[in-house]
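Participant: Have a look at this one before I ask anything.
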Amino acid sequence: MIRSFLTNPLMLIAVIPALLVAITMHEYAHGKVAALLGDPTPAAYGRLTLNPLKHLDPVGTLLLLLVGFGWAKPVPVNPAYFGVKRKKSMLYVSLAGVTMNLILAFIGAMLLGLAYRFGAVDTNNMLVIFLNYFMQFNVVLAVFNLIPIPPLDGSKVLESLLPYKYSYKWMPMLERYGYFILMALAFTGMLSMFISPIISFIIDFFISIANTIFF
């Protein structure tokens with residue numbers, strides 16, 4: 001469980017770095033892909049950086065620690081720089097963070113399997129704790145951010161896929177109430193009910209691959 005560190009404050013030594021890396025790389029991926037596609041906005045706002053303080057959203061980070069689901073500060077992107085390929089470029093930018101998190105989670109699972117293979121089986125081992133949380137945080141961020149509610153990446157993916165007449169009508173309304181909807185879903189447990197099985201499936205899948213390789 002991602003919140004189990006609350007019963008053992010010493011686990012924060014492993015939890016905080018895992019969380020910061022997952023969030024930072026997620027947002028950096030958004031900014032880097034936008035920059036590669038011709039948008040200077042992320043760099044202009046100081047978001048093309050690996051400094052975690054530039055990417056943390058206070059509410060989203062607190063929710064991630066306490067509830068198990070959260071978000072980072074969205075990277076500003078100006079679709080006007082993408083020209084005629086605006087929708088496709090926004091799709092790539094929106095999926096960049098999720099893709100980065102899944103790659104990192106897979107790497108975390110492989111390193112965890114490697115650690116177990118060489119005898120690091122103590123559940124109090126800080127390396128094992130770090131890798132476990134690193135894998136979990138990255139999977140949580142990937143799955144959670146695919147929810148099509150602003151400010152999450154899934155809303156931008158949805159906007160990129162919808163015809164303009166629908167996105168123009170519905171997205172402003174979602175953006176207005178997105179934060180409240182997310183917090184209501186998180187604190188009522190409905191969010192966990194829907195996405196926890198997906199998170200567990202991905203984690204189990206990555207671990208099974210690691211077990212196949214190392215055992």
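The values are calculated or read from the model by the stated rules, or taken from the named source; none is laboratory data. Predicted model only: the values in this text are computed from it and were never measured. For neighbour counting, all protein chains shown are included, and Cβ atoms are generated from backbone atoms with ideal geometry for every residue, glycine included. Areas reflect the complete protein model, heavy atoms only, side chains present, ligands, DNA and RNA absent. Shrake-Rupley method; radii C 1.70, N 1.55, O 1.52, S 1.80 Å.
Participant: What size of dipole, in debye to the nearest 20, comes out for segment 56-200 about its Cα centre when the only charges are +1 on Lys and Arg C-beta atoms and -1 on Asp and Glu C-beta atoms?
Facilitator: Taking the Cα centre of segment 56-200 as origin, the dipole is about 640 debye.
Participant: Go through 35-45, 92-102, 164-174 and give me the packing order, highest mean Cβ count within 10 Å leading.
Facilitator: By packing density, highest mean first, the sequence is 92-102, 35-45, 164-174.
Participant: Ignoring ligands, DNA and RNA, how do Ile181, Ile13 rank by accessible area with a 1.4 Å probe, largest first?
Facilitator: Ile13, Ile181
Participant: Additional query: Could you work out the mean projected area of the convex hull around the alpha carbons of segment 63-182, in square nanometres to one decimal?
Facilitator: 8.8
Participant: Using a 7 Å offset from the Cα along the Cα-to-Cβ direction at both Phe215 and Ile198, what is the distance between the two label points in nm, to one decimal?
Facilitator: So the label points at Phe215 and Ile198 sit 2.8 nm apart.
Participant: Still on this structure, I have one more. Would you mind telling me the share, in percent, of accessible area of the chain contributed by carbon and sulfur at probe 1.4 angstrom?
Facilitator: 71
Participant: Now for a different question. Please work out the FRET efficiency for the pair Leu10 and Trp170, using the Cβ-Cβ distance as r and a Förster radius of 41 Å; give the result to the nearest 0.05.
Facilitator: Plugging the Cβ-Cβ distance into 1/(1 + (r/R0)^6) gives 0.30.
Participant: Another question about this same structure. Could you work out the per residue convex hull volume over the alpha carbons of segment 71-113, in cubic angstrom?
Facilitator: So the per-residue hull volume is 74 Å³.
Participant: For Glu175, Glu159, Glu27, give me the order by solvent-accessible area with a 1.4 Å probe, most accessible first, ignoring ligands, DNA and RNA.
Facilitator: So, going from the largest accessible area down, we get Glu175, Glu159, Glu27.
Participant: If one takes the longest principal axis of the Cα atoms in the chain, at what angle in degrees, from 0 to 90 and to the nearest 10, does the Cα axis of helix 86-117 lie?
Facilitator: Rounded to the nearest ten degrees, it is 0.
Participant: Now a separate question. Using only Cα atoms, find the angle between the long axis of helix 12-36 and the longest principal axis of the chain, and express it within 0 to 90 degrees, rounded to the nearest 10.
Facilitator: Its long axis makes an angle of about 30 degrees.
Participant: If you work out semi-axes √(5λ) of the Cα gyration tensor in Å from the coordinates, which of [x] 31, 19, 16; [y] 24, 21, 18; [z] 34, 24, 13 do you get?
Facilitator: Derived directly from the coordinates: [x].
Participant: Quick one: what Rg and Dmax do you get for segment 140-213 from the alpha carbons, in Å?
Facilitator: Gyration radius and largest Cα-Cα distance of segment 140-213: 15.3, 49 Å.
Participant: Still on this structure, I have one more. Calculate the spin-label point distance for Val84 paired with Leu50, positioning each point 7 Å from the Cα along the beta-carbon direction, and give it in nanometres.
Facilitator: My value for the distance between the label points is 3.8 nm.
Participant: Helix 164-188 sits at what angle to the longest principal axis of the chain, using alpha carbons and giving 0 to 90 degrees rounded to 10?
Facilitator: With rounding to tens, the tilt is 30 degrees.
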